[in-house]
Each structure stands twice: as structure tokens, then as C-alpha cells.
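The values are calculated or read from the model by the stated rules, or taken from the named source; none is laboratory data. Nothing here was measured: the structure is a model prediction, and the numbers come from that model. Quick reminder, even Gly has a Cβ in these numbers, built from the backbone with ideal geometry, and neighbours come from all protein chains shown. Just the protein is used for accessible areas: all its heavy atoms, side chains included, with ligands, DNA and RNA removed. Shrake-Rupley method; radii C 1.70, N 1.55, O 1.52, S 1.80 Å.
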Amino acid sequence: MIKCGRPAKGSELLSRDRVLDTALTLFLEHGYGNLSMEAIAKDARVSLRTIYSQFGSKAGLFGALIRRCSDQFVGTLSLQGSPETALAAFAKEFLFRITSPDVVRMRSILIGESPRFPDLATQFYEQGPKRTLEHLTQYFARQQAEGRIIPVDPHVLADQFLSCLRSERFQKLQLGLENTPTEAEIEAWAKQAVRLFLYGCAAERK
């Protein structure tokens, strides 16, 4: 008996995850412009209509992959505890995600193909950097309201904190001039960046 109608919610989630996992593998293998939605649907064992109904377009599918990645570190930004503890936890997860080989490769694909596919750049920015920036802005605003952070534009604070995290080392990693950092290196990287951001580098005057 053939079942019609909307699939169960659990089945939809499994189907969505399978499409995203398949799309990630194929994007990394073929790039963006050379990959068809038909190929993704075939490998994911879903209909082309299903992919379009869930993601809207190939750029939307790419954006969903970026959002799934950013979910992993955005969700770690806790309002509990001191700013140093909360930001260090966020920083470790953020650096772990953005320095992973798959994410570095996805950024390379974006940089290489976004001039031909402007929707790709839009999806990447909105689902990744912009979303992260907005969450950090809200975090700093809350901390300012509680008197824990100086009264500087929270958007500027968020932007500067992210810049402090990425640093020159991430630039070298993106260029293939640096190896993927170990867990211990990421923890040290995160702690150093957070302490520098929160406490600065000026020596105490005597």
C-alpha cells in the first residue's frame, strides 16, 4: 500500500539530515557550480521536490549547512557564569568548528564561486557570520545591562571579539599554511583571545 500525504515529523528530520549530510559530501567533492540538485536528490534518496520544498534552492541548501554548523557554537553562549567563562566556552566551540577541514574547504568553495553565485555569498553570511554576530551582540548587551561589560556599542564589541578569535592564524589555515589545530591548541587559542579581549594588554601603571 502506497502512503500519501505528509510524512511523520521524525521521518522529515531524518530526511533533512540525510540531505544535508549528502550535500556536504558532494559540495566538498564537486564544488558548488558543478553540482546539480538532481545529483544531491539521487544520492540522498529523496525526491527533487522534497529538497526544493525544504531548502528553496541550492544556495538555500548551502546556507542550511552553514546554519547547522553555526548552531554548534551559537548554542554554547550561556548567560550563566562570568563573561570570561561563557566567552571561553563559546570561543573553544567556535574555533573547533571553523578550523575543521570541512569548514575550511567550504569557505574556499564560497570564496571561489560567490562572484558567479551572489546568492551563495548571501546565504553564507546570513546563516553564519551575521547570525553569530547578532547572538554575540545580544550577549554583550545583556552583560552591559548587568554592569559586567563597559558601555561600548555591543555590536562593535561582538565584531571585535570575533576578529580577535579569527586572528592571523585562521588566515594562514585558510591558505593551507597552517595545520588543523589540536584540541589543546584550540583551548589555549581560545583562552588567550578571551583574556586579551576582556582585560587588554596594557601594563599596570605604578
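Which ones in the range 52-74 are exposed (fewer than 15 other Cβ atoms within 10 Å of the Cβ) and part of a helix (DSSP H, G or I)?
Of everything in the range 52-74, those that are exposed (fewer than 15 other Cβ atoms within 10 Å of the Cβ) and part of a helix (DSSP H, G or I) turn out to be Ser53, Asp71, Gln72.
Looking for whichever is in the same structural domain as Gly128 (by TED's automatic domain parsing) and free of Cβ contacts under 8 Å to residues at least 40 places away in the same chain here; the options are Arg105, Arg18, Arg49, Arg97. Which one fits?
Arg97
Hey, Pro83 hits all of (1) open to solvent by less than 30 Å² (accessible area, probe 1.4 Å); (2) closer than 20 Å to Phe170 by Cα; (3) of a type outside the set (A, V, I, L, M, F, W, C) but one; which does it fall short on?
Exception for Pro83: condition (2).
Considering only residues that are of a type outside the set (D, E, K, R) and in contact with a Leu (Cβ under 7 Å, 6 or more places away or on another chain), look in the range 154-179 and name the one that is most open to solvent (accessible area, probe 1.4 Å).
Cys164
Here are Glu84, Glu93: which of them is in contact with a Ser or Thr (Cβ under 7 Å, 6 or more places away or on another chain), farther than 19 Å from Ser57 by Cβ and modelled with pLDDT of 90 or more?
The unique qualifying residue is Glu93.
Which of the numbered conditions does Pro115 fail, given that it passes all the others? Conditions: (1) open to solvent by 40 Å² or more (accessible area, probe 1.4 Å); (2) without any contact (Cβ under 8 Å) to a residue 60 or more places away in the chain; (3) in a helix (DSSP H, G or I).
Every listed condition holds for Pro115 apart from (3).
Would you tally the residues in the range 143-153 being hydrophobic (A, V, I, L, M, F, W, C) and open to solvent by less than 70 Å² (accessible area, probe 1.4 Å)?
Of the residues in that region, 2 qualify.
Name the residues in the range 16-51 that are in contact with a Ser or Thr (Cβ under 8 Å, 6 or more places away or on another chain) and of a type in the set (Gly, Ala, Ser), would you?
Within the range 16-51, Ala41, Ala44 meet the criteria.
Which of the residues spanning the range 13-51 are open to solvent by 40 Å² or more (accessible area, probe 1.4 Å), under 19 Å from Ile109 (Cα atoms) and not in a helix (DSSP H, G or I)?
Scanning the range 13-51 gives Asn34, Ser36.
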